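> Sharing a structure with you now.
The values are calculated or read from the model by the stated rules, or taken from the named source; none is laboratory data. On a predicted model such as this, the values are computed, not experimentally measured, just so you know. Neighbour counts are summed over all protein chains in view; Cβ atoms, including those assigned to glycine, are modelled from backbone coordinates with ideal geometry. SASA here: full protein model, heavy atoms, side chains in, ligands and nucleic acids out. Shrake-Rupley method; radii C 1.70, N 1.55, O 1.52, S 1.80 Å.
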Amino acid sequence: MNKTRIHIDFETFSSVSLKDCGVYKYTSSPDFEILLCSYLIAGEMFEPDVLDVHGASLPDDLVDLLLDENTTIHAHNAMFERLCLRACGIDIPASRFRCSMAKSAYCGLPLGLGQVANVLQLEQEKDTTGALLIKYFCTPCKPSKVNGGRTRNLPGHDPAKWERFKEYCKQDTAVEY
């Protein structure tokens with residue numbers, strides 16, 4: 001039977017600091033959610049597709065593909081994607097994941113996706129504006145008069161930034177692939 005290979009990347013929100021607390025506490029937070037999902041099915045798609053899943057679930061056809069035992073799931077820092085899926089009730093064994101960050105470490109390359117792309121002089125490059133977009137959409141913000149006292153930036157607060165964020169997520173999957 002043929003194996004399907006899917007490359008996937010998530011952009012997420014949690015009020016828990018990923019840097020300070022780690023991925024388990026981050027994905028266990030009651031307000032954790034997947035905001036964007038970008039994926040590419042190797043051999044079937046020419047470029048990644050981006051799903052805006054803010055406030056919704058992943059589509060059933062994607063979940064079915066991910067749960068299919070003949071699908072291997074590729075990601076940079078695959079443990080993050082695996083635990084994000086688990087937080088959404090989709091528990092997939094670690095043995096079905098392939099991690100390009102682990103492969104980079106094995107080869108003595110940097111761990112960051114952007115650094116790996118630079119060292120390998122890949123045609124695809126990581127979008128450098130991503131850090132600002134992640135800070136804007138993926139972490140809580142301080143309430144102020146300027147932002148109307150909100151503690152979180154949502155897509156409707158800056159639709160143009162949200163569209164750039166979707167392109168950033170898509171580009172990450174292209175680089176990993």
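> Do the conditions hold for Ala174, that is, is it out of contact with any Phe, Trp or Tyr (no Cβ under 9 Å at 6 or more places or on another chain), at pLDDT 95 or above and either surrounded by 14 or more Cβ atoms within 10 Å (Cβ to Cβ) or small (Gly, Ala, Ser) (or both)? Don't jump to the end; show me each part of the working.
Values: out of contact with any Phe, Trp or Tyr (no Cβ under 9 Å at 6 or more places or on another chain): yes; at pLDDT 95 or above: no; either surrounded by 14 or more Cβ atoms within 10 Å (Cβ to Cβ) or small (Gly, Ala, Ser) (or both): yes.
No: the conditions fail for Ala174.
> Which of the strands (runs of 3 or more DSSP E) found entirely inside the range 25-138 contain at least 3 residues meeting this: open to solvent by less than 30 Å² (accessible area, probe 1.4 Å) and within 17 Å of Lys170 (Cα to Cα)? Walk me through how you get there before you give the answer.
On the way: elements: 33-41, 49-52, 71-75, 97-99.
Strands (runs of 3 or more DSSP E) meeting the threshold: 33-41, 71-75.
> Scan (1) touching a Phe, Trp or Tyr at 6+ places or on another chain (Cβ under 8 Å); (2) part of a helix (DSSP H, G or I); (3) surrounded by fewer than 17 Cβ atoms within 10 Å (Cβ to Cβ) for the single condition Arg152 breaks and write down its number.
Tallying (1) touching a Phe, Trp or Tyr at 6+ places or on another chain (Cβ under 8 Å); (2) part of a helix (DSSP H, G or I); (3) surrounded by fewer than 17 Cβ atoms within 10 Å (Cβ to Cβ), Arg152 fails exactly one: (2).
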